[in-house]
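The values are calculated or read from the model by the stated rules, or taken from the named source; none is laboratory data. These numbers were taken from a predicted model, which means no experiment stands behind them. Virtual Cβ from ideal backbone geometry, glycine too; neighbours counted across all protein chains shown. These accessible areas exclude ligands, DNA and RNA; they are computed on the full protein's heavy atoms, side chains included. Shrake-Rupley method; radii C 1.70, N 1.55, O 1.52, S 1.80 Å.
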Amino acid sequence: MADLTTSYVGLTLNNPIIVSSAGISGTAEMIRRAADAGAGAVSMKSLGDRHWTSPRMAVLKRGNSIDSWTFYSSEGNSKLSEEEYAAEIALAKASVSIPVIASLSCMNDDDWVRRSTLIAQAGADALELDISCPHAAHMLITRNSLSEIGRVTALVKSTVSIPVIPKLTPQSDDPTTVALDAQNGNADAVVMFNRFTGLDVDLESQQPILHGGLAGHGGPWAIYYVMRWISEAYPKMTIPISSSGGVWSGEDVAKMLLVGATTVQTCTAVYFEGYSVLSKMVRGLEDYMDRMGHQQVSDFRGRAAARLTSAAVIDRGRQYLATIDPERCIECGECANICIYDAPNPASSGGYEIIPGLCVGCGLCAELCPVGSISVREVSR
Ligand SMILES: Cc1cc2nc3c(=O)[nH]c(=O)nc-3n(C[C@H](O)[C@H](O)[C@H](O)COP(=O)(O)O)c2cc1C
Ligand code: SF4
Ligand code: SF4
């Protein structure tokens with residue numbers, strides 16, 4: 001049986017899955033629900049200036065497919081005052097045995113110092129620094145999260161003795177350098193990433209939707225962007241990386257570990273499927289590890305990052321060819337419709353066939369054939 005125990009910033013987690021900072025982790029009761037469902041740890045909703053706005057949420061592009069929609073939302077900082085937030089930490093710590101990570105978002109140094117001190121005194125096990133909210137001032141108005149990260153991390157580190165974990169924005173052309181800035185600021189780990197800033201407009205009122213401003217957007221599609229940057233940062237960093245973005249299943253958790261994450265955060269999946277999705281993720285990760293013969297999560301952490309092939313050494317001579325299984329083809333014509341090389345054609349004997357001289361082996365028809373009658377294989381040069 002796989003052992004999912006994970007060491008993270010000096011804490012011991014039953015498994016690497018952390019419920020991300022959001023409305024779903026806003027109270028001690030919610031943290032208890034996450035713990036009961038199997039979370040390895042919880043990161044609390046961020047405490048910040050109390051510019052409370054009611055959470056507004058929309059699901060965009062929902063019609064296309066389960067994996068293509070976008071969760072678009074705008075939610076302010078925690079509704080709680082500083083004192084209430086500290087009391088909620090203490091209550092959560094008394095109710096659960098898993099680590100409770102607080103989260104803080106401030107606009108000036110005095111607030112960083114006062115609030116981080118309060119949070120540490122309240123008993124939080126660690127502290128995330130949220131200067132990457134996609135629709136808040138750090139990203140939009142007064143500050144640039146990229147230049148602030150090292151300085152703010154160093155300030156909070158010099159204030160409290162609990163682990164300090166800055167949460168990075170994905171909106172940079174070089175997140176690895178930002179992660180290294182955080183490490184130089186003495187961070188204990190980094191979270192990669194918060195969500196992207198987005199905008200959607202209503203065609204009838206011709207106004208931006210929800211609160212009328214910019215909002216955060218994410219969804220299952222975000223996982224590929226996050227994996228790409230963690231795979232690059234992981235070999236260069238000495239502190240752990242906590243992934244955040246697009247994780248929906250135990251297999252997704254395993255993928256994040258394979259590219260180098262130490263812990264794996266999840267948020268939107270909990271919004272859409274409830275806290276019970278956490279136990280499914282834990283089981284999915286156990287199943288994967290058992291199937292692959294891994295005893296510990298550290299057995300395969302970073303393995304795919306180490307196997308990344310650079311563009312310079314890709315074998316450009318490889319060729320592929322699609323073929324259609326005539327027994328399964330239902331003659332829908334979809335392959336002929338989508339192939340820009342005109343390789344699939346009606347066969348004289350009925351059904352469809354691929355003209356080898358036209359097929360470049362891209363594989364798109366095999367992905368889109370409704371009955372899976374197309375296969376693609378490597379052919380000799
Ligand atoms: C409604 C909502 C509220 C959020 N609030 C916070 C927050 O207060 N602090 C924070 O650091 N991240 C916040 N996030 C970002 C999440 O913690 C997480 O990083 C992000 O949603 C990406 O993960 P996911 O793809 O699993 O949702 C919020 C996300 C959503 C959807
Ligand atoms: S998409 Fe599949 S089922 Fe449809 S014509 Fe092509 S091979 Fe046949
Ligand atoms: S593999 Fe690509 S090129 Fe070949 S038939 Fe299918 S879509 Fe066309």
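Quick one: in the range 23-52, which of the residues that are touching a Lys or Arg at 6+ places or on another chain (Cβ under 7 Å) and open to solvent by less than 10 Å² (accessible area, probe 1.4 Å) is farthest from ligand 2 (Cβ to nearest atom)?
Out of the qualifying residues, it is Leu47.
So which of Met192, Met107 ends up being in the same structural domain as Ser244 (by TED's automatic domain parsing) and in contact with a Phe, Trp or Tyr (Cβ under 8 Å, 6 or more places away or on another chain)? Steps first, answer last, please.
On the way: Met107 fails: in contact with a Phe, Trp or Tyr (Cβ under 8 Å, 6 or more places away or on another chain).
Checking each option against the conditions leaves just Met192.
Residues of the range 334-381 being under 17 Å from Tyr320 (Cα atoms), in a loop (DSSP other than H, G, I, E, B) and of a type in the set (Val, Ile, Thr), which ones?
Answer for the range 334-381, where residues must be under 17 Å from Tyr320 (Cα atoms), in a loop (DSSP other than H, G, I, E, B) and of a type in the set (Val, Ile, Thr): Ile340, Ile355, Val360.
For every residue, the table says whether it meets (1) open to solvent by less than 80 Å² (accessible area, probe 1.4 Å); (2) part of a helix (DSSP H, G or I); (3) over 28 Å from Asp174 (Cα atoms).
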site	(1), (2), (3)
Ile230	yes, yes, no
Gly284	yes, yes, yes
Ala304	yes, yes, no
Thr309	no, no, no
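Being part of a loop (DSSP other than H, G, I, E, B), within 16 Å of ligand 2 (Cβ to nearest atom), outside the structural domain of Gly218 (by TED's automatic domain parsing) and at positive phi: is that true of Glu327 here?
Details: part of a loop (DSSP other than H, G, I, E, B): yes; within 16 Å of ligand 2 (Cβ to nearest atom): yes; outside the structural domain of Gly218 (by TED's automatic domain parsing): yes; at positive phi: no.
For Glu327, the condition - part of a loop (DSSP other than H, G, I, E, B), within 16 Å of ligand 2 (Cβ to nearest atom), outside the structural domain of Gly218 (by TED's automatic domain parsing) and at positive phi - is not met.
Residues of the range 54-87 being at pLDDT 80 or above and in a loop (DSSP other than H, G, I, E, B), which ones?
Of everything in the range 54-87, those that are at pLDDT 80 or above and in a loop (DSSP other than H, G, I, E, B) turn out to be Asn77, Ser78, Lys79, Leu80, Ser81.
Just to be sure, is Ile340 farther than 17 Å from Pro370 by Cβ, open to solvent by 100 Å² or more (accessible area, probe 1.4 Å) and assigned by TED's automatic domain parsing to the domain that holds Gly361? Lay out the reasoning, then the answer.
Details: farther than 17 Å from Pro370 by Cβ: yes; open to solvent by 100 Å² or more (accessible area, probe 1.4 Å): yes; assigned by TED's automatic domain parsing to the domain that holds Gly361: yes.
Answer is yes for this residue.
In this structure, does Leu210 turn out to be in contact with a helix residue (DSSP H, G or I) (Cβ under 7 Å, 6 or more places away or on another chain) and not basic (Lys, Arg)?
Values: in contact with a helix residue (DSSP H, G or I) (Cβ under 7 Å, 6 or more places away or on another chain): no; not basic (Lys, Arg): yes.
So Leu210 does not fit the description; no.
If you check Val379 against the conditions, is it open to solvent by less than 70 Å² (accessible area, probe 1.4 Å), touching a residue at least 60 places away in the same chain (Cβ under 8 Å), more than 34 Å from the chain's Cα centre (by Cα) and away from ligand 2 (no atom under 15 Å from the Cβ)?
On the way: open to solvent by less than 70 Å² (accessible area, probe 1.4 Å): yes; touching a residue at least 60 places away in the same chain (Cβ under 8 Å): yes; more than 34 Å from the chain's Cα centre (by Cα): yes; away from ligand 2 (no atom under 15 Å from the Cβ): yes.
Yes, satisfied.
Within the range 198-233, how many residues are over 23 Å from the mean Cα position of the chain (by Cα) and without any contact (Cβ under 8 Å) to a residue 60 or more places away in the chain?
Total satisfying the criteria: 9.
Quick one: is Ile340 more than 30 Å from Val259 (Cα to Cα), touching a residue at least 12 places away in the same chain (Cβ under 8 Å) and β-branched (Val, Ile, Thr)? Spell out how you get there, then give the answer.
Details: more than 30 Å from Val259 (Cα to Cα): yes; touching a residue at least 12 places away in the same chain (Cβ under 8 Å): no; β-branched (Val, Ile, Thr): yes.
In short, no.
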